[in-house]
Amino acid sequence: MSEQSTSPPAPVLSEVLETVERLWPLHLQEPWDASGLVTGRPDQPVHRILFAVDPVAEVVAEAVSTGADLLVTHHPLLLRGVTSVAADGPKGAVVHELIEHRCALLACHTNADSATDGVSDAVARAAGLSATTPLAPHPADPAVGIGRVGDLPEPVRLRELARRLSDAVPATAHGVRVAGDPEALVRRVAVCGGAGDSLFDEVRAAGADAYVTADLRHHPASEAREAAVGPGSDGTPYLVDLSHFASEWLWLPVGAAALREALAARGHDVQVEVSARCTDPWDFRLDRPAGDRPAHDPAAPTAGGSA
């Protein structure tokens, strides 16, 4: 007679989704978002889960090659409406690859941004913040929401804050860009994982010395700096601009550990891993020393010829 297995049974996908709902409730997502289950049968067993930022082809290939039953990504695959998922397009090919290998796909996007121990909490910890409040509280639960703001235990130089964050995030071609006096002291810090240039009013209202976010576009960043150094202003908030991918990657180990522990509490031993793939879209950049700027001759012809 063979010995009966003593290992705990694998949960089915619907049980995993119930656990995810407790951690990162769907009602916390923004109205425009598309978090939730994309592929997968509710009754399929889940033995292995992979966390990643983006549901791109190389990440799906990793999930399939490692035998993952569920891929949890921060970004949704289908954020906007589509009329076809034929495999002759990138998104359709991903859908087919997932279904053909019985790998479910779940997006935890702005619900994981807003929730406790979500993306912005992970960025806040990387900055050295321990106690924070939401920058934009969620209407359904003001204790959580988009972004965080709080005080560092001791003031630090802006250069040190940027270095601390640079050491914490994955290396990318984007790097860490900073606007402000590198020697300025910073105590109150606001953060928002992912693109956060819509929150400048909230950042100023919170009295932040520095704002850590990602994807800062030229005009919003320029206008924010103009307001910061204008008449009667003291130069704050200084800006620390991370790679979009890198800022949100910080949540993956936190989310993976939280889901692993929550499933274990329900009696399930599930392998939950984090993808090591960098899905930042940029491969390299060329830097010129800050003081090595070529003189501009207005009379010289441009690459496009004379007007």
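The values are calculated or read from the model by the stated rules, or taken from the named source; none is laboratory data. Because the structure is a prediction, the values reported are computed rather than measured. Every residue, glycine among them, receives a Cβ derived from its backbone with ideal geometry; neighbour counts consider all protein chains shown. Just the protein is used for accessible areas: all its heavy atoms, side chains included, with ligands, DNA and RNA removed. Shrake-Rupley method; radii C 1.70, N 1.55, O 1.52, S 1.80 Å.
From the list 161, 239, which one is in contact (Cβ under 8 Å) with a residue 12 or more places away in the chain, in contact with a Phe, Trp or Tyr (Cβ under 8 Å, 6 or more places away or on another chain), on the phi < 0 side of the Ramachandran plot and buried (at least 19 other Cβ atoms within 10 Å of the Cβ)?
One residue alone meets the criteria, 239.
Would you mind finding the one in 94, 72 that is closer than 19 Å to residue 27 by Cα and at pLDDT 95 or above?
Among 94, 72, only 72 is closer than 19 Å to residue 27 by Cα and at pLDDT 95 or above.
If you go through the range 27-39, how many residues are under 15 Å from residue 72 (Cβ atoms) and either of a type outside the set (Gly, Ala, Ser) or open to solvent by 40 Å² or more (accessible area, probe 1.4 Å) (or both)?
4
Just one of the numbered conditions (1) in a loop (DSSP other than H, G, I, E, B); (2) at pLDDT 95 or above is not true of residue 4; which one?
Of (1) in a loop (DSSP other than H, G, I, E, B); (2) at pLDDT 95 or above, only one is false for residue 4: (2).
Among (1) outside any helix (DSSP H, G or I); (2) within 27 Å of residue 29 (Cα to Cα), where does residue 165 come up short?
Unmet for residue 165, out of (1) outside any helix (DSSP H, G or I); (2) within 27 Å of residue 29 (Cα to Cα): (1).
Tell me which residues, restricted to the range 227-248, are part of a helix (DSSP H, G or I), farther than 12 Å from residue 195 by Cα and touching a Ser or Thr at 6+ places or on another chain (Cβ under 9 Å).
Residues satisfying the conditions are 227, 228.
Matching residues to (1) in contact with a His (Cβ under 6 Å, 6 or more places away or on another chain); (2) open to solvent by less than 50 Å² (accessible area, probe 1.4 Å); (3) at pLDDT 95 or above; (4) more than 30 Å from residue 11 (Cβ to Cβ):
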{"site": "234", "(1), (2), (3), (4)": "no, no, no, yes"}
{"site": "249", "(1), (2), (3), (4)": "no, no, yes, no"}
{"site": "257", "(1), (2), (3), (4)": "no, yes, yes, no"}
{"site": "297", "(1), (2), (3), (4)": "no, no, no, yes"}
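Taking the range 8-26, which residues are in contact with a helix residue (DSSP H, G or I) (Cβ under 8 Å, 6 or more places away or on another chain) and exposed (fewer than 13 other Cβ atoms within 10 Å of the Cβ)?
22
Which residues, counting only those in the range 197-214, are out of contact with any Ser or Thr (no Cβ under 6 Å at 6 or more places or on another chain) and buried (at least 17 other Cβ atoms within 10 Å of the Cβ)?
Listed by number, the residues that qualify are 197, 199, 200, 202, 203, 204, 206, 208, 210, 211, 212, 213.
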